[in-house]
Structures are given as C-alpha cells and as structure tokens.
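**Q** My questions will all concern the structure given below.
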Amino acid sequence: MAKLVSLADGVAELVRDGDTVALEGFTHLIPFAAGHEIIRQERRDLTLVRMTPDVVYDQLIGAGCARRLVFSWGGNPGVGSLHRFRDAVQNSWPVPLELEEHSHAGMANRYVAGASGLPFAVLRGYTGTDLPRHTTNIRSIDCPFTGETLTAVPALNPDVTVVHAQRADRAGNVQMWGITGVQKEAVLAARRSLVTVEEIVDELTPVPGQVVLPGWAVTAVAHVPGGAHPSYAQGYSVRDNAFYVAWDEISRDRDTFQQWIERHVRKAEAKA
Amino acid sequence: MAKLVSLADGVAELVRDGDTVALEGFTHLIPFAAGHEIIRQERRDLTLVRMTPDVVYDQLIGAGCARRLVFSWGGNPGVGSLHRFRDAVQNSWPVPLELEEHSHAGMANRYVAGASGLPFAVLRGYTGTDLPRHTTNIRSIDCPFTGETLTAVPALNPDVTVVHAQRADRAGNVQMWGITGVQKEAVLAARRSLVTVEEIVDELTPVPGQVVLPGWAVTAVAHVPGGAHPSYAQGYSVRDNAFYVAWDEISRDRDTFQQWIERHVRKAEAKA
Amino acid sequence: MSQYTADEMMTVAAARQLRDGTACFVGIGLPSTAANLARATHAPELVLIYESGCLGAKPDRLPLSIGDGVLADTADAVIPVPEVFNYWLQPGRIDVGFLGAAQLDRYGNINTTVIGGDYTDPKVRLPGAGGAPEIAASCGEVVVIVRQSRRTFTERVDFVTSVGYGAGPGDRARLGLRGGGPRTVITDLGILEADPDSCELTLTRLHPGVTVERAREATGWPLAVAQDLSTVEPPTAEELAVLRALEATMRAAA
Amino acid sequence: MSQYTADEMMTVAAARQLRDGTACFVGIGLPSTAANLARATHAPELVLIYESGCLGAKPDRLPLSIGDGVLADTADAVIPVPEVFNYWLQPGRIDVGFLGAAQLDRYGNINTTVIGGDYTDPKVRLPGAGGAPEIAASCGEVVVIVRQSRRTFTERVDFVTSVGYGAGPGDRARLGLRGGGPRTVITDLGILEADPDSCELTLTRLHPGVTVERAREATGWPLAVAQDLSTVEPPTAEELAVLRALEATMRAAA
C-alpha cells in the first residue's frame, strides 16, 4: 500500500541528491508542482530523465538541479526552444549539462524494458542516424532466428519516478485517464515512485480509458490539486497555453528567469 | 475500414487450407461460432495457434482440421483433460497432430513481437525446463549491455486471427471489454483478421476497460450474437459452465464426439 | 471440533501460508480456493492476481475459471495478458505463486506436460506449461499444492515443466532464476519444506492423524523428515465455515 | 481569387498530399493544420495519429499541442505511448508521416538536433529527435514541410537526426529501413519530389508567382529541376475558408 504524504515530505524522502529522476507526463498530467518542490529543496546533481523535457525541466535545469539529461525531445511544445536548456548546453549555465539523447521510440522502449525487469529492449530504430555516434547506449543486436540486425537500448530504471494523476483512493491506488503517455511504465521501472493527485477519494469509480496503478506498486501519493499546472488534468483543468507562451519570455534571460523562480517557486509554499 | 461480412463468407474468404490460424480469447470471448464455421467448411492442414487450446480447439482437432498445434496450455479449464487433443497426440486420431509447445509468457511475447513488426521477443523464461529440448523456437540471447543471457522466441504472425468482441460500428471499429487477454496483439500480429461481434451499433459508447481496434486495422467483422457460447461475452451472456462439464463426457468417446459435431456443428446453420 | 476432509485440511493449510498484504499469483482450483479463504479470514489485504489479467481481484464467490467475469468485475485493474507476464510477474513483483503438479521430485521440479513414453509419443498427454515455468522462476516464493502419492512424488519427473531447485543447491542461481523457488509443498498428508542447505523437500509437519509411515509410502523417494516434525493445527471452526461457504458459492454458480 | 500567404499555400499544398482513408502520423504545427484541413475538405476518412497516443483523432478545432485534450476526447482509441511506436508505427501500419526540419539535404536527410560547432558544444541546440527517426524509417512515405532557405536547405546536414535516402539510391534498403522515405517536400516556394532513380529531391512544382531562380537561391546545393516543372493550383476559396476557420479555432483556444 502506498503511503499518503505531503508533497514536501514525499520529495524529501524519495528524491535524493545524485538520483536518477524521471518526471513523466506527455503534455497532459505533467508533475509541475513536484518539480517545483525539488527546486525548493535544492536537490543537486540529478540525472533527469524524460521523453519530452519541456518547461518543467527547463525550470529544474535553470535552477541548477541537474547534472545530466536523458531525453528524446527538448522543446517548449507549440512555442519554440527551451532557453534554460540551451543555455546549459551551449554555455554550461548555471552548471554544465551532460546529454544522453534518444528517440521517442527508444526512450519508450527503455521504460518498457525497465518495467519488465529486462536489461534491454529491441526495436527498429536509430538506424542510419547520428544518434548512435554520441551514446554507447544504442547498440545493434541480431535476431537469433532470422539473423536480421536490430537495435538494442538498455532498460531505464530511475531511482524515483514522479507522475501526476487525477485521483487516488486512501490505499494509494492511483487512477489516471486521458492521455496517459508512458507513466505506467515509468512508475513500474522505478525503484521508488511518487504520485501527486488532484483528488483523494473513497472509491475509484471506473472511467473509460483509465490506467490504474495498484497502491502496492506505488511508494507514496501526495494530494496536490492543480499540481500539473500549467499543463492540465483532464476532467479537472485545462492547459494554460498562455503560460507556455509567457515562458519563452521569462526564460530567455537569466535574470528574469531567476526572479521568476525566486518569486513563484522558492518563496511559494508547496501546494500540499 | 473493415468489411462487414456474414460468418460463412468471412471464413470462406479469410481462412484457407494450410493456413496458420489463431483463435484467441482468454476464457472470455472465445470465438466458438467461428470455430464451428471452420469445421463446417472443412478446412484442413491448419496450424492452429492459441495460448489455451480448450474446448474450441478440441472440436477443431477432433474434426480433423488441424495438422499442427502451437500452444502453451491445453486443457478443459476447471474440468480436466481435452480428450480429442489427447487422442490426436497419443493415437494420431483422426490425423497426427504435431505440437509446438511454449509457456504462456512465451506465447504472449510471441504475439507482442508479431504485433510490433519485430522478428523476435526477449523474456526471462523457459530457463532450466525441458521445453527448449523439444522446439528450436526457443533460443538464448545475450544482452549487449550487461552480457546477461536471456531467452528469445520468434514472432507469431498468423495468416489469420479470429476473435470475438462485444460490439462493432458500421465502419468496423471493434470494441471489447472485460478480460481482453491477448486479442489485440493476436489481431495486430496477423496478416488478416476476422472479428465476430455480439452487436453492430451506430456508435461505440466508451466503456471502462475497453480495448478498441480501429476498423482500418481489421479485415472483416461478422455479426454473430452468441458467437462466444459456451464461453461468455461480458455484458451480453454468462459462461455456460455446464457445457464445459458436459464436454468431458461428449468428447471422451470418438463416436459420441462425432455425433455431437454432426448434429450441433455440421448440420447446424451458421449463426450469421 | 468439526469433522473435515483431507482436501479441506490441505486447503486450509495452504491458505495459512499467505501473509496479509502480499501479492499472490493464483491458478484455478485449490490455489484459488485457498487464496480466497485467506482473504476471507486472516489476510483481507491479500492481493490476488489471475493470469487472465485481473490484478487485485476481490471475488465474493469462488471463480469457476481464471477468466470468470467476477474477477474482472472486482479487480483493481484488468490488464492485457502480455502485461501480466512482462510488467508484473517477470520483474519479481509477485510474492507468492501457487502451482499444482502431476509429478514432483525431491527438489520441487514439476511436470505438467507428459507422463511415460517419450515426448512425441507419451503415455499421457497433460495440459502443458501455461504460466507455470515463469511463475516458478520469478515469484518471491512458490507454494505447491498437490495430493501426495507415489505416482506424483517421483524420483525423477518425466519432463521438467517448471524448475524447482534443479539438481540441488546453487542450481537456481546458475540458471539465473531470480525467485526463491518452491519453499513449501502442501499435500493432503502434511507439509514439506525445502531444506535451506540441501534444498531437498523435507517433511516438517503432518496433518492430524497422519503418520510418517503413510507419508513415506506416498513418496517415491526416501523422504527426509524433520527432527522437529510437528502436527498441523486442524482447521478452526471459522476456517471450515468460511471454506464451505466459499465452495457453496461455486456450486451455486456452476 | 482570394489573396493568400505563402504559409497558407504551403499548408494547402501539404493537405492535398493526403489521400482519403489513409493513416497519417501528425506532429503539431503545420502538419497538424494540414492534416486537419485535409480531413475537413477532400479526405473525411483520413485517420490522424498523434504520438501522444491518440489514434483516429477527430478534433473540431486545431489542437494546441500533440497532447491536447480535444485529441483524446475525439480519438477512436487512446493508447500508451510505447504502443504508438511498437504496435502502430514500427510494423508499417501508418501510410504517411509528416516531418519538419531545421536542416535538410538533397537526399531528404533531416537535422533537428544541433547546428554548428560540434555535438557536445554546438552553436545552436535544437529540440532533438522526438518521434522523427522512426517516423522517417517506418511510415509508408514521408512528407516534409519546411520553409525553403539556404540556411535550411544545406549541402550537408550537421547531424542526421532522421534518415531520408542516406547517400543515395539503395541506402535505405542497405540500412533495413522499411518505409518509403521522403517522397515529397512541401515548401513556401513549391514542391520537391524525390527522383525515382537518383533519389535526389527535385523541384517539380512552383507555387504561383515563384520563379525557379528564387527556388535555386533558397537552396544550398545545385537544385535539380524537373523538365515538366508545373505550377501549383492556388488555394481554392473553400480551402482558404476552411483553413482560416481552423486557425481561428486555435487562436480562440489559446
């Protein structure tokens, strides 16, 4: 059974300096509030893992939490570039950022392998691209039946995965629906997991398209209404598209970025 | 878009002598009516594929449709043995039956590989058992990252997969819910597919736990109410447990079996 | 104390193996009865996992098959079959796996495939492997439930469908099997447990009224017997009442 | 005839590439606009697949991101992201993939990763691969939508993120790439198509009012031009009206 915790306690207990941390959520259900708590608690030297490092990782990177990024697409979706990510890669500000770069198919399969207790996954991918020249984590593998050569990528097993979901019950069973991305795999692949939810309910009424994570497969659940803002939680909130546009301006300059983080993250209270 | 066809036309067009045919459905939603139509149309030399060859495959095997069986568990669930299956293996009646035998984990992963367009799947399985001594389709494979040795099984790509579902709409989009087993993978792994359904509706109202197969990924849909009997279709029928018990008696003797097939299958009309 | 049958004693003894809050991979028949008995008595938070894809099923009657609708209706989640094996069983998330056996040897290796003759021309063709090889490989521990007889408890199994301790100590590690293996075998005569050093199944407890001699006679190898052999507590009145009520639900549904 | 912008012409030209009843892998931005325009005009049965897991989305407004709620609400099925890539893209079930590019060479190889410097110390760090390498590998064909300029249309791409025809004929087969590759490139100046023999992108059509010289100037290699170079039909009044109505829905939602 998952423990019910406050966001601050959950992050304090489950996210440690030097950890490999995955915050997942594909446009929908991005755990922004948990990301902010990680910044407030000043975690350092994290290896951040995420298919689509977007604004939440731009914030963590700009705040100096990350030493390394494992990813497949780093941009502000529908808006443009991530300026803090670019500044870290191009100018090592505030600290250098190592990259391990994959394709979506590769990252998704790395989580699947991690969730499956396998050391690697096989896919048709990366072939002919320059990606394998820059990571040793993309190799070839031959089919033992046909001899065909395919691509192998190693399992991803984060120390901790953080996701946001619509609901949990008091036993920590988690329910999410709508676009659920790679969250189930990311949670099951991790050693520890923290799920922030919009609502804690007595009973999880079934919903079409739901993914349920049993409480015994989750480490901790925190009640954090609005914890996905500026992304959204289907049935609870809509995406704050204006914030994504505004982020382009906020993040372009180091000073405005730092002022924003100071005011909206460091001096803000945790949501729960 | 899937074609809407009669069961007789669907089987006539999609299931051919010598084909590799998968009828899937895990206790729930077993396509019995389609199996009976295959017997009525006297298909021969089929390679029958199914994780749990139960009563429906006992009937097909006893009727002489099969040359080969690829499977992982062959019994009458909750009752005992499959007498026609045993008679075929032990006494080659009515014709010899070759076996290719796997575990559930292996078969499930073979369908997954088939659905994924990969030539093989990797799992932790079979190790130390006598299964690999009797099939060349179980091999070892080394992880290119850790060097660990795992097991590989080849993809299953049936010529045709047949499943039963609750509903389809007029464009052939198929909806099933409850225990959905390995049906999605079995359909996507196949070159052709035939789905029998309880009901054709104008619109597929979403249902919790649903699996939807888009019409463009299905070859043909036939309206066959009750097509899963004596198994069941959640929301439409309950399992006819008495029939499973009765089958033990019917199938124990070659003559009673043949009389039953003659009367209830060959001389019966197709349900749709 | 009530009267009870040997099968009832076996089922109750199996149920007692299940600790509350653990996750248990359940097959149909005695394992399912035992697991549901445990859930209805001392282990209300026992998580039942059926290979049909029902995670955390809470049936209010005994299911008639592993794909019974009551399992899907009461489960925390119904998942595709490949996911059962890949995301839940294979990574070692399941604490206890229940298995039956047509043949069993002293190291807990199990045969459910063929008996007699050879593989292509057997005397008896059994159902085969199902989920068992990977349950035996990957669960935290395995509990075998099987009636004890010389035909079943054999010196060598005719076919290794599911690996116990192989040929003895160290074999599981050599094979790369990550689960703990068959810790306990529950029979209609008593309980055998794998010796921590030799891995050999050792008679540690007898059901009330059963003698060591009877157990030896029902075993096709020289049966190891624990020095501190004890007697199993007979079923309590509550255990029997709940078990019989559960079995009545099954008869009613059939 | 109405006035229209070069971007409108480009979007309309892209929409026209999509045949009714085919399945199309759609990214956000121009591809999504073009695909929805096609669905609202000549291709009502076009199947839109977004990498967020929305199969058969039928949005009534332009989505603002690939994970917009309107996509999930209107999809035939919402599936996990691993399934998008493994069950739908990888086996070649998707007829057309739309891709953008920061750099493109004459063989349709695409860079969306880094520009200038070297990989670890680039001049410009771009978002990276996303789904593109496998879309480029596995879709029946690829349509690239990109504004044409010397900076983008380069002799060599600084990084091969997604493979077009590699170094020329036969390379896709040698690499084991099963999809057809970049058949068409739609720009704000015209349309380039891969030559069936040389695989080289060849200017086959110009948008109204654009000259070959202008296209050559906007291309960083000696641009091949088809002998039967023709002019693209300008947007029809209906195409423009539908396109503008779609774009208005996006502004309304933002």
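The values are calculated or read from the model by the stated rules, or taken from the named source; none is laboratory data. Computed from a predicted model, the values in this text were never measured in an experiment. Cβ placement follows ideal geometry from the backbone for every residue including glycine, while neighbour counts extend to all protein chains displayed.
**Q** Within the stretch B:168-177, is there a residue that is away from chain D (no Cβ under 14 Å) and either in contact with a His (Cβ under 8 Å, 6 or more places away or on another chain) or not in a loop (DSSP other than H, G, I, E, B) (or both)?
**A** No - not one qualifying residue is present in the stretch B:168-177.
**Q** Would you confirm whether any residue within the stretch B:150-157 is buried (at least 24 other Cβ atoms within 10 Å of the Cβ) and within 14 Å of chain D (Cβ to nearest Cβ)?
**A** yes
**Q** While we're on this one: Out of B:Ser81, B:Ser72, which single residue is surrounded by fewer than 21 Cβ atoms within 10 Å (Cβ to Cβ) and under 20 Å from C:Glu51 (Cβ atoms)?
**A** Unique residue meeting the criteria: B:Ser81.
**Q** When the residues of the stretch C:147-180 are filtered to those that are of a type in the set (A, V, I, L, M) and under 11 Å from C:Asp105 (Cα atoms), which remaining residue is surrounded by the fewest Cβ atoms within 10 Å (Cβ to Cβ)?
**A** The selected residue is C:Ala167.
Every residue, every condition in (1) among the β-branched types (Val, Ile, Thr); (2) touching a Lys or Arg at 6+ places or on another chain (Cβ under 8 Å), yes or no:
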| residue | (1), (2) |
| --- | --- |
| A:Ala152 | no, yes |
| A:Ala171 | no, no |
| A:Val174 | yes, yes |
| A:Trp177 | no, no |
| A:Glu185 | no, no |
| A:Val195 | yes, no |
| A:Ile200 | yes, yes |
| A:Val211 | yes, yes |
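**Q** Now, a different point. Note down all Cβ pairs under 7 Å where the first residue falls in the stretch A:200-215 and is within 21 Å of D:Leu55 (Cβ to Cβ) and more than 8 Å from every other protein chain (Cβ to nearest Cβ), the second is surrounded by 20 or more Cβ atoms within 10 Å (Cβ to Cβ) and among the acidic types (Asp, Glu), and they're at least six residues apart or on different chains.
**A** Partner pairs satisfying both residue conditions: none exist.
**Q** Please go through the stretch D:86-130 and pick out each residue that is of a type outside the set (A, V, I, L, M) and within 14 Å of chain B (Cβ to nearest Cβ).
**A** If the condition is that a residue be of a type outside the set (A, V, I, L, M) and within 14 Å of chain B (Cβ to nearest Cβ), then D:Asn86, D:Tyr87, D:Trp88, D:Gln90, D:Pro91, D:Gly92, D:Arg93, D:Asp95 are the ones that fit.
**Q** Which of the strands (runs of 3 or more DSSP E) found entirely inside the stretch D:1-120 contain at least 3 residues meeting this: in contact with a Leu (Cβ under 7 Å, 6 or more places away or on another chain) and buried (at least 22 other Cβ atoms within 10 Å of the Cβ)?
**A** Ranges flagged: D:23-26.
**Q** Now, a different point. Filter the stretch A:10-32 for residues that are assigned to a helix (DSSP H, G or I) and in contact (Cβ under 8 Å) with a residue 40 or more places away in the chain and give the result.
**A** Those that are assigned to a helix (DSSP H, G or I) and in contact (Cβ under 8 Å) with a residue 40 or more places away in the chain: A:Gly10, A:Val11, A:Glu13, A:Leu14, A:Phe32.
**Q** Looking at the stretch C:74-85, which of its residues are over 15 Å from B:Val211 (Cβ atoms) and either facing chain B (nearest Cβ under 7 Å) or out of contact with any strand residue (DSSP E or B) (no Cβ under 9 Å at 6 or more places or on another chain) (or both)?
**A** C:Phe85
**Q** Next question, about the same structure. Can you give me the number of residues within the stretch B:83-115 that are touching a residue at least 60 places away in the same chain (Cβ under 8 Å) and facing another protein chain (nearest Cβ under 8 Å)?
**A** Of the residues in the stretch B:83-115, 4 are touching a residue at least 60 places away in the same chain (Cβ under 8 Å) and facing another protein chain (nearest Cβ under 8 Å).
**Q** Report the residue count in the stretch B:216-243 for those that are at pLDDT below 95 and crowded, with 18+ Cβ neighbours inside 10 Å.
**A** Looking only at that region, the number is 2.
**Q** Is there any pair with a first residue in the stretch D:29-56 that is within 20 Å of A:Gly181 (Cβ to Cβ) and a second that is part of a helix (DSSP H, G or I) and of a type in the set (A, V, I, L, M) whose Cβ atoms are under 6 Å apart and which are 6 or more apart or on different chains, and what are they?
**A** D:Leu48/D:Ala35; D:Tyr50/D:Leu71; D:Glu51/D:Val84; D:Gly53/D:Val81; D:Gly53/D:Val84; D:Cys54/D:Leu71; D:Cys54/D:Ala72
**Q** Go over the candidates B:Ala246, B:Ala222 one by one and state the one that is assigned to a strand (DSSP E or B) and either away from chain A (no Cβ under 14 Å) or on the phi > 0 side of the Ramachandran plot (or both).
**A** Unique residue meeting the criteria: B:Ala222.
**Q** Please find, within the stretch A:116-141, the residue that is farthest from A:Glu185 (Cα to Cα) out of those that are in contact with an Asp or Glu (Cβ under 7 Å, 6 or more places away or on another chain) and more than 7 Å from every other protein chain (Cβ to nearest Cβ).
**A** Filtering the stretch A:116-141 for residues that are in contact with an Asp or Glu (Cβ under 7 Å, 6 or more places away or on another chain) and more than 7 Å from every other protein chain (Cβ to nearest Cβ), the one farthest from A:Glu185 (Cα to Cα) comes out as A:Thr135.
**Q** Let me ask something additional. List the strands (runs of 3 or more DSSP E) inside the stretch A:78-158, counting only whole elements, that have at least 3 residues being over 17 Å from the mean Cα position of the chain (by Cα) and within 20 Å of D:Gln90 (Cα to Cα).
**A** Answer list for the stretch A:78-158: A:120-123, A:139-142, A:149-154.
**Q** Checking the condition in a strand (DSSP E or B) and either under 17 Å from the mean Cα position of the chain (by Cα) or farther than 28 Å from A:Gln259 by Cβ (or both), which residue from A:Arg44, A:Arg68 passes?
**A** A:Arg68
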